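So the structure is just underneath, and the comments pick up after that.
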Amino acid sequence: MPYKNNTELPDTIRKNLSEPAQDVYREAFNNAWDQYQSPRGQEITHNLDESAHSVAWAAVQNFREKNEKTTNP
């Protein structure tokens with residue numbers, strides 16, 4: 001289910017990611033959750049949750065790569 005704020009993120013996310021990376025994770029997760037719901041508003045929670053977490057991790061990796069390029073030109 002979508003996260004309203006970073007305090008609702010799983011402990012592993014909050015303990016291992018910076019605040020900006022947590023924001024990226026939460027926003028990507030929530031967007032994926034909304035996008036992957038079925039047209040009838042029903043969802044297959046396990047697959048939806050798993051897919052949204054995968055999208056969120058990919059967004060964090062992209063965020064980190066962009067930050068590395070700007071800090072290490």
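Just for the range 22-47: of the residues that are surrounded by 18 or more Cβ atoms within 10 Å (Cβ to Cβ) and of a type outside the set (S, T, Y), which one is modelled with the lowest pLDDT?
W33
State the number of residues belonging to the range 55-70 that are at pLDDT 95 or above and of a type outside the set (F, W, Y).
7
Kindly list, by first and then second residue, each pair from a residue in the range 46-66 that is closer than 9 Å to Y25 by Cα to a residue that is among the charged types (D, E, K, R), limited to pairs with Cβ atoms under 8 Å and residues at least 6 apart or on different chains.
Pairs that qualify, where the first residue is closer than 9 Å to Y25 by Cα and the partner is among the charged types (D, E, K, R), are A56/R26; A59/E27.
The values are calculated or read from the model by the stated rules, or taken from the named source; none is laboratory data. This is a predicted model, so every value here is computed, not measured. A quick note on method: Cβ atoms are made from the backbone with ideal geometry, for glycine too, and the neighbour counts reach across all protein chains shown.
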